[in-house]
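The values are calculated or read from the model by the stated rules, or taken from the named source; none is laboratory data. Note that the coordinates shown come from a computational prediction; the quantities given were computed from them, not determined experimentally. No Cβ is skipped: glycine too gets one built from the backbone with ideal geometry, and neighbour counts run over all protein chains shown. Calculation scope for accessible area: heavy atoms of the full protein, side chains included, ligands and nucleic acids excluded. Shrake-Rupley method; radii C 1.70, N 1.55, O 1.52, S 1.80 Å.
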Amino acid sequence: MTAPAGGVDPEVRPGSGGPVLVAFAGLPGVGKTTLAARVGTALRAPVLPVDPVERALHRYGLTGDVPGMAAYGAVAGLAEVQLGLGLSVVVDAVNPVASARGLWHDVAERAGVPLRVIEVHCGDEAEHRRRVEARPPEDGTWEQTLRRRAEYEPLIGPRLVVDTAVAADPLPGILAYLR
């Protein structure tokens, strides 16, 4: 998958101008959290990351597959509350499988807001590996990232694809996509 200049796929669709649910997707280490924070700041919207919720569930003894989906469910519930208050929401998550991604479609539909999916990848594998290996160990290893990539289900449907290996700032294109 390649992205044009600026690292942003050119399919930009206008939104309603009101609250929006923004769901980031992509492997660990591609730059989702950085972009989600920047988008949240620009929109003055809460950013709801799944990873800290999952780590908290682990600290309380929930292990196996349960914490992953429970964390997504908890974040989906919080997103629905914020959307109900009239706020846009930015979700920061790997969203590796269709069942996880389906949560965001359901939340957006119940809240009556548009869903904008942003799939982030790093088109330079050496850079992606460097980023993963520079992260704290609790954020996962390169080998774990490769396993997750093998399990990552292709994202199908409307979305903006951002390549963080491209030097240009993707934020203007992302914000245009969200409008």
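Does Tyr72 count as among the aromatic types (Phe, Trp, Tyr), more than 17 Å from Ile174 (Cα to Cα) and under 15 Å from the mean Cα position of the chain (by Cα)?
yes
If I filter region 150-164 for residues that are modelled with pLDDT of 95 or more, in contact with a Phe, Trp or Tyr (Cβ under 8 Å, 6 or more places away or on another chain), in a helix (DSSP H, G or I) and open to solvent by less than 50 Å² (accessible area, probe 1.4 Å), do I get at least one hit?
no
Name every residue in region 104-128 that is part of a helix (DSSP H, G or I) and touching a residue at least 60 places away in the same chain (Cβ under 8 Å), in order of residue number.
The answer is Trp104, Val107, Ala108, Ala111, His128.
Of the numbered conditions (1) closer than 20 Å to Thr41 by Cα; (2) touching a residue at least 12 places away in the same chain (Cβ under 8 Å); (3) more than 16 Å from the chain's Cα centre (by Cα), Val81 fails exactly one; give the number of that condition.
(2)
Kindly indicate which of Arg130, Arg110 is touching a helix residue (DSSP H, G or I) at 6+ places or on another chain (Cβ under 8 Å) and either open to solvent by 80 Å² or more (accessible area, probe 1.4 Å) or under 18 Å from Gly18 (Cβ atoms) (or both).
Arg110
List pairs: first residue in region 44-61 and under 20 Å from Leu103 (Cα atoms), second residue among the small types (Gly, Ala, Ser) and in a loop (DSSP other than H, G, I, E, B) anywhere in the structure, Cβ distance under 8 angstrom, at least six positions apart or on different chains.
Ala45/Ser88; Pro49/Ala93; Val50/Ala93; Asp51/Ala93
Have a look at Glu143, Glu138 and point out the one that is assigned to a helix (DSSP H, G or I), touching a residue at least 60 places away in the same chain (Cβ under 8 Å), more than 29 Å from Val20 (Cβ to Cβ) and open to solvent by 70 Å² or more (accessible area, probe 1.4 Å).
Glu138
Search region 16-47 for residues being surrounded by fewer than 18 Cβ atoms within 10 Å (Cβ to Cβ) and among the small types (Gly, Ala, Ser), and hand back the single one that is modelled with the lowest pLDDT.
Result: Ser16.
What tally of residues in region 80-91 results from selecting those that are closer than 11 Å to Pro19 by Cβ and part of a helix (DSSP H, G or I)?
3
Name, by its number, the condition in (1) open to solvent by less than 40 Å² (accessible area, probe 1.4 Å); (2) within 11 Å of Pro28 (Cα to Cα) that does not hold for Val117.
Checking Val117 against (1) open to solvent by less than 40 Å² (accessible area, probe 1.4 Å); (2) within 11 Å of Pro28 (Cα to Cα), the one that fails is (2).
Take region 48-59 and flag every residue that is surrounded by fewer than 17 Cβ atoms within 10 Å (Cβ to Cβ) and not small (Gly, Ala, Ser).
Within region 48-59, Pro52, Arg55, His58, Arg59 qualify.
In region 17-44, which residues are among the basic types (Lys, Arg), within 12 Å of the chain's Cα centre (by Cα) and over 17 Å from Val75 (Cβ atoms)?
Those that are among the basic types (Lys, Arg), within 12 Å of the chain's Cα centre (by Cα) and over 17 Å from Val75 (Cβ atoms): none in region 17-44.
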